[in-house]
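Below: the structure, in structure tokens.
Only the coordinates and a few stated rules stand behind these numbers; no lab work does. The shown structure was predicted, so the numbers you read here are calculated from the model rather than taken from an experiment. All Cβ positions, even for glycine, are placed from backbone atoms using ideal geometry, and neighbour counts span all protein chains on display.
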Amino acid sequence: MTANRARGVLYIHSSPKALCPHVEWAAGGAIEHAVNFNWNPQPILKNSMRTEYYWEGPQGTGARLASALRGWEHLRYEVTEDATPGSDGARWMHTPDLGIFYAQTDTAGNLVVPEDRIRFAMETAGSDAFELHRELRLALGQAWDDELEAFRHASDENQVVWLHKVG
């Protein structure tokens with residue numbers, strides 16, 4: 001029996017120039033083969049670089065990538081792993097200030113918030129609509145999206161969208 005292959009994207013939104021070779025080494029270890037990224041200047045943050053890398057590997061490679069890069073000071077990144085037959089997709093976001101955020105994704109790439117997380121938000125908020133709003137924003141990783149959004153737009157001129165058939 002062969003394991004399903006997964007694919008996804010590693011977005012390094014900002015990395016200090018000196019850290020770039022170390023990021024490539026760590027990503028290559030997670031993907032299990034050497035990688036060479038095409039680094040470009042990140043215009044949002046002086047002396048930093050950005051890159052996008054489309055990867056393919058066994059299911060769980062996205063988690064290995066996110067773990068390999070986790071906790072590096074000054075590194076902003078996202079990792080996606082597309083859904084495969086029998087497996088949900090996933091998305092990891094990391095910022096120096098917030099740390100790492102993980103969420104499942106559906107076949108269209110939308111975040112999936114589990115029923116228990118929604119119930120927790122409702123119980124925590126009670127009848128306070130503002131607190132419910134805050135809890136749901138936390139469940140959706142809104143703080144990570146807010147921090148990374150400017151870095152994402154900085155790479156819009158190079159963005160390539162790859163569509164893959166699932167199932």
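A simple packing score, the average count of other Cβ atoms within 10 Å per residue, orders the peptides 104-111, 127-134 as 104-111, 127-134, with the highest score first. Roughly what angle does helix 142-153 make with the longest principal axis of the chain, taking Cα atoms, 0 to 90 degrees, to the nearest 10? Around 30 degrees separate the two axes.
How big is D, in µm² s⁻¹, for the chain by Stokes-Einstein at 10 °C and 1.306 mPa s if Rh is the Kirkwood radius over C-alpha pairs?
So the translational diffusion coefficient is about 94 µm²/s.
Exposure proxy ranking for 93, 122, based on other Cβ atoms within 10 angstrom of each Cβ and starting from the fewest, stands as 122, 93.
Among 152, 5, the ranking by other beta carbons within 10 Å of each residue's beta carbon, starting with the fewest, stands as 5, 152.
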